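Comments concern the structure below.
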Amino acid sequence: MAGRLDGKVALITGGARGQGAETARVFAAEGARVVIADILDAEGKAIAADIGASAIYRTLDVSDEAAWSAVVADIADHWEPVDILINNAGILHAGTLLDLAREDFERVLNINLIGAWLGLKTTAPGMIEKGKGAIVNICSIGALCGMNGTGAYGASKWALRGLTKTAAMELGFQGVRVNAVFPGAVNTEMNDANRKPMPDDTPQIITRPIQRFADPEEIARASLFLASDEASYLCGAEIVVDGGLTLGSYKDFLPGSPNV
Ligand code: NAP
């Protein structure tokens, strides 16, 4: 059976673990040749080895422009220019706006926002030359509402959302579709490391329509759709994969509503 990404070369940043690693697995299963790019070399190499011949690992700090140029050129030599870029690498820094240090705010912006821009800046020319390409920016529900205690992260994701719109305009007419995915709470180390593991029965989870964390594969499936030709008319689109988290709290509904 034909894969949904047969023949494509997909570069996935932050691919050594979490959603990026799952995206690499899903894309490879759909026929893509995947490049796992990260700063976690041992983990990234292990994921690539596990996937097999259709995956390679490359060290890439997304905030380093020279590293982007080198990796993109290396992929073109190894296989061919990148067809699909998943701007997935990201960091979360906990801290209220009054407590944040400038260098922490800048680090978050450098990775979550500038890193994604450098990705599109270095990969889009090859896509334009091919006449076709797809870029998916992994935003967050933090780009749909406020982010209490993680303001630098929220600001970076709102900015990435804005970048997606302009990139879709500037690149769309040249054959490159740029779209975004907005995950809710996903069961990855990003949540574990910063907030301690939260069970599915915590208040943050039980007040939403789908009362559990997302599996990383559920986010990867949205990226797969946007990266594939099935999304050939999507340009600057936003897919929210949050289990209904941003719908609002059911506690705000009138008495007598379901679950109140
Ligand atoms: P994760 O498990 O922390 O994975 C992120 C990966 O990116 C890690 O391997 C990380 O390595 C890597 N990375 C960090 N800085 C990098 C850099 N400068 N260059 C290259 N790679 C770098 O997180 P995740 O949950 O899979 O998150 C993936 C994306 O989804 C992120 O953009 C995140 O903001 C977004 N997201 C996550 C959630 C969630 O609930 N998990 C919700 C909404 C959106 P290190 O460990 O060394 O930092």
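The values are calculated or read from the model by the stated rules, or taken from the named source; none is laboratory data. Everything numeric here is computed off the predicted structure, so don't read it as measured data. Please note: Cβ atoms are built from the backbone with ideal geometry, for glycine as well, and neighbour counts cover all protein chains shown. When the accessible area is computed, the model is the full protein with side chains, heavy atoms only, and any ligands, DNA or RNA have been set aside. Shrake-Rupley method; radii C 1.70, N 1.55, O 1.52, S 1.80 Å.
For the reader, a short list of remarks on this structure follows.
- Scope segment 178-191; condition touching a residue at least 40 places away in the same chain (Cβ under 8 Å) and open to solvent by 30 Å² or more (accessible area, probe 1.4 Å); matching residues: E189, M190
- Counting the residues of segment 1-24 that are away from the ligand (no atom under 13 Å from the Cβ) and either among the charged types (D, E, K, R) or in a strand (DSSP E or B) (or both) gives 5.
- Filtered residues of segment 134-177 (kept if of a type in the set (F, W, Y) and free of Cβ contacts under 8 Å to residues at least 12 places away in the same chain): F173
- Residue within segment 82-99 that is assigned to a helix (DSSP H, G or I) and either charged (D, E, K, R) or open to solvent by 40 Å² or more (accessible area, probe 1.4 Å) (or both) present: no
- Residue identified as modelled with pLDDT under 95, more than 15 Å from the chain's Cα centre (by Cα), hydrophobic (A, V, I, L, M, F, W, C) and more than 10 Å from the ligand (Cβ to nearest atom) among A94, A101: A94
- Just one of (1) more than 14 Å from the chain's Cα centre (by Cα); (2) open to solvent by less than 10 Å² (accessible area, probe 1.4 Å); (3) farther than 14 Å from T122 by Cβ fails for I51. It is (2).
- Residues in segment 25-56 that are acidic (D, E) and within 12 Å of the ligand (Cβ to nearest atom): D38, D41, E43.
- Total residues in segment 31-77 satisfying the condition of being part of a loop (DSSP other than H, G, I, E, B), hydroxyl-bearing (S, T, Y) and within 13 Å of G119 (Cα to Cα): the figure is 1.
- Once segment 147-175 is narrowed to residues that are of a type in the set (A, V, I, L, M) and touching a Ser or Thr at 6+ places or on another chain (Cβ under 9 Å), the residue that is surrounded by the most Cβ atoms within 10 Å (Cβ to Cβ) is L160.
- Selection from segment 27-48 of residues that are surrounded by 24 or more Cβ atoms within 10 Å (Cβ to Cβ) and either touching an Asp or Glu at 6+ places or on another chain (Cβ under 7 Å) or among the hydroxyl-bearing types (S, T, Y) (or both): G44
- Failed item in (1) within 14 Å of V178 (Cβ to Cβ); (2) at pLDDT below 95, with K132 passing the rest: (2)
- For A124, the conditions (1) outside any strand (DSSP E or B); (2) within 16 Å of the ligand (Cβ to nearest atom) all hold with the exception of (2).
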